[in-house]
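Here's the structure we're looking at; comments come further down.
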Amino acid sequence: SPDASGSAFLDWASSAGVATSAAFLVEPTATEGFGAVAGERVGVGDILVTVPRASALAVFSLEEEMRQTTTSLAQSHALAYAACRVAAAPRGREPWVALWPVTPEGTWGVEGDSWRAFDGDAFRELRRLHEEGEAAARAAHEKLPPDISWERFKLGVSIVTSRAADLVVSGESQPVLLPVIDLCNHRRGGEHNCAIVFEDDHFVLRCERPIQAGEPLTISYGSKENAELLYGYGFALRSNPSDAALLRLPLAPAADPTFGVQRAALTPRGMLDEEDCFWLPLGWSCDGPRWAPLLLMMLRLAAASSTAELIAAMTAGAGGGGDEEGEEAEADVDIDEVPALGWSLLAEACDADLAGSAPQGADGDDTVPYWPHGAASVASAARRDLVLAYAEVAWRRRDAA
């Protein structure tokens, strides 16, 4: 690790061609490890760090042997392999490598009983992300030399997911590990004060809003929901405008068995699970819960009592704008077309979810270790905030009907 002021690390960075302004300091923080801090006031547009392309670690900088080995791999896995090699033989990068994690971060480091922190519907998306990510990483690992063990490669993948920046270089988006700049911690969109750009064959950390002396120098890792933050970085945000969730919504019982069969046949393939439940995509908009066309269509389908209502719901959903990722509806008119039964079903689903998703530890409770149970608690509390926002609308509209 660097000394208390980070000066030893910055001295190494300078020798590697990385230029830092006098305002850029590296200091220990109470909750985020070593981080970048402003040593003096910084103005908008000021450059804080400049990293030459040659000093970065990315697919474009791999030596020929590594390049040949990783030809068939995704860029993130190729970079993970490179990180494994560099960690084992830093060759002058020792001060930088010393700051890399020595155990996997995010869910890459979760094993055995620790997964119990992420049980239940609240972490359905997180488990999906991890399962898909691990399957892809294991497939990539099979193509690597035998001296790269799975545990070693898993750490390399974790280094990439937790420290690499996704940047456009020569017209192509790719993950890049950047010395010094990778000490900037995350703030949600609009609250970060710096950004990384690639210009004149250098990676530049530039100030985006006035920064006072002593203020952390921060970037945004992107618009990521808490499942993505937990998966790649090992933390969650209680107030996260990019957060999303899936809410289990059972179908209304069919009074006519014939209609029940028709409903199952007409509902778009893959929309219902094996228990005849929808999974509503919840998320935030700029002024409250987001009413995406897909969600509104599901509410109407769940409440439909006739074939005509099913067809009307699907027709409206197909022409309502947005997509399955949850784009916001352009107008409230679609909301008004959800019948009273739809709001009742949503209210019941929210009530059931809120009753069964109590946090495992109080948000901010220092007696709960942050990882994984404390992080799970923060994410669970954030999800409850989101579900409650939908519940309040559902309660109001159900009662009004």
Leading residue by the ranking (farthest from A80 (Cα to Cα)) among those in the stretch 220-250 that are among the basic types (K, R) and surrounded by fewer than 21 Cβ atoms within 10 Å (Cβ to Cβ): R248
Filter result (among the polar types (S, T, N, Q), under 26 Å from the mean Cα position of the chain (by Cα) and within 20 Å of E348 (Cβ to Cβ)) within the stretch 263-311: none
Residue match in the stretch 139-154 (condition: more than 18 Å from the chain's Cα centre (by Cα) and under 26 Å from L217 (Cα atoms)): no
Which listed residue, of F203, F259, is assigned to a strand (DSSP E or B) and of a type in the set (F, W, Y): F203
Some residue of the stretch 160-181 being touching a residue at least 24 places away in the same chain (Cβ under 8 Å), touching a His at 6+ places or on another chain (Cβ under 7 Å) and not in a loop (DSSP other than H, G, I, E, B): no
Residue check, R398 modelled with pLDDT of 90 or more and closer than 30 Å to S114 by Cα: no
Pairs with Cβ under 6 Å, 6+ apart, first in the stretch 229-255 and on the phi > 0 side of the Ramachandran plot, second in a loop (DSSP other than H, G, I, E, B) and open to solvent by 40 Å² or more (accessible area, probe 1.4 Å): G234/E105
Flag if S162 is under 18 Å from E228 (Cα atoms) and either surrounded by fewer than 20 Cβ atoms within 10 Å (Cβ to Cβ) or not aromatic (F, W, Y) (or both): yes
Helices (runs of 4 or more DSSP H) within the stretch 47-149 that include 3 or more residues surrounded by fewer than 13 Cβ atoms within 10 Å (Cβ to Cβ) and touching an Asp or Glu at 6+ places or on another chain (Cβ under 8 Å): none
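Taking the criterion of being over 26 Å from T258 (Cα atoms), surrounded by fewer than 18 Cβ atoms within 10 Å (Cβ to Cβ) and modelled with pLDDT under 85, would at least one residue in the stretch 349-356 satisfy it?
Yes, the stretch 349-356 contains a residue that is over 26 Å from T258 (Cα atoms), surrounded by fewer than 18 Cβ atoms within 10 Å (Cβ to Cβ) and modelled with pLDDT under 85.
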Subset of the stretch 212-226 (residues that are among the polar types (S, T, N, Q) and not in a helix (DSSP H, G or I)): Q212, T218, S220, S223
Residue within the stretch 193-203 that is touching a His at 6+ places or on another chain (Cβ under 9 Å) and over 22 Å from P52 (Cβ atoms) present: no
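The values are calculated or read from the model by the stated rules, or taken from the named source; none is laboratory data. All values reported here derive from a predicted model rather than from experimental measurement. All Cβ positions, even for glycine, are placed from backbone atoms using ideal geometry, and neighbour counts span all protein chains on display. Note: accessible area is taken over every heavy atom of the protein model, side chains too, but ligands, DNA and RNA are not part of it. Shrake-Rupley method; radii C 1.70, N 1.55, O 1.52, S 1.80 Å.
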